[in-house]
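What follows is one structure encoded as structure tokens, with my remarks underneath.
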Amino acid sequence: MPQTHIRFDWAIKKLLRNKANHVVLAGFLSELLGKQVKIQSILESESNQQAEDDKLNRVDILAENDQGELILIEVQNSTEQDYFHRMLYGTAKLITEFLEKGDPYSKVKKVYSVNVVYFSLGQGDDYIYQGKLDFKALHLEDKLGLSINQKKLFNIKDVSEIFPEYYVIKVNNFNDIAKNNLDEWIYFLKKSQIKEEFTAQGLAEAKENLLVDSLSEEERANYVRFMENRRYETSIIEGSRSEGRLEGREEGRLEGREEGREEGRLQEKVNIARTLKLRGIDIETIAQATGLPREQIEKL
């Protein structure tokens, strides 16, 4: 049986910032983006700074490759209703942060947004989604492209190479059957295991460097505490959802009207939030789990 390795989100927060482990990150990105990626540096983003909080509902890492492109990798554990909006905000913020005042717009950096989610985001049964911008004609069957001069000037072939590109990996949708190198990475993201026959870029190094047994005594204690927190929070949230769902449905049934059903659904979220708050779960986690505003949760 394959050995269990460190979860990817904890590795992002604690290990993959080290230059010696950049090859692991580069391997994952090379398989996902379909091109060779070399990590030039790890940059600071708003939420990727080191913290002692082990309840890592969301972690991210911002890398710059040798082409000057920015790659933001986020791992999200808990449900967040406005996650798509936050993806957009994250890329927009990076674009403005890394454009110096007075620079021409041609200096805007290409941004890749890689999102590894462990919850049911939106509607869709696949486990990997790509989003990129194209300008399609409304009347003619053509696509707005770059002129010959623009291609030469900016050294790109397509308009989409300018705009942010998004990847969403819905880990829980993966069926555990690795058919290619990228699937091998998804298997690792889901199982924290690397099979002997896996050959994807970066996994050999991950297999060696991301073993739980390779951690120091202090790191191992922190990791065990992190995993216990994750299991506890997942159990509490799922249990509270079940309780809230039953109470909300009952109230909706008693009303017997669409308005009542809507009130029941809202009450379900309130019940979940109240239960989580009583059990000591932090406001940010409750907001992510229920979609309720922080102000409403604080008043419960």
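Quick look at the values:
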| quantity | calculated |
| --- | --- |
| Qualifying residues in region 191-201 (those that are over 14 Å from Leu29 (Cβ atoms) and buried (at least 19 other Cβ atoms within 10 Å of the Cβ)) - the one modelled with the highest pLDDT | Phe198 |
| Residue in region 42-61 that is in the same structural domain as Gly122 (by TED's automatic domain parsing), surrounded by 20 or more Cβ atoms within 10 Å (Cβ to Cβ), modelled with pLDDT under 90 and of a type in the set (A, V, I, L, M) present | yes |
| Complete set of residues in region 57-116 that are among the aromatic types (Phe, Trp, Tyr) and farther than 23 Å from Phe188 by Cβ | Phe84, Tyr89, Phe98, Tyr105 |
| Filter pass, Phe163 being of a type in the set (Phe, Trp, Tyr), in a loop (DSSP other than H, G, I, E, B) and at pLDDT 95 or above | yes |
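Yes or no, residue by residue, for (1) surrounded by 15 or more Cβ atoms within 10 Å (Cβ to Cβ); (2) aliphatic (A, V, I, L, M); (3) modelled with pLDDT of 90 or more:
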site: Asp82; (1), (2), (3): no, no, no
site: Ala92; (1), (2), (3): no, yes, yes
site: Phe98; (1), (2), (3): yes, no, yes
site: Ser106; (1), (2), (3): no, no, yes
site: Val114; (1), (2), (3): yes, yes, yes
site: Gln123; (1), (2), (3): no, no, no
site: His139; (1), (2), (3): no, no, yes
site: Ile148; (1), (2), (3): no, yes, yes
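The values are calculated or read from the model by the stated rules, or taken from the named source; none is laboratory data. Quick caveat, the model's predicted, so the values are computed rather than measured. Cβ coordinates were reconstructed from backbone atoms using ideal geometry, including for glycine residues, and neighbour counts include every protein chain displayed.
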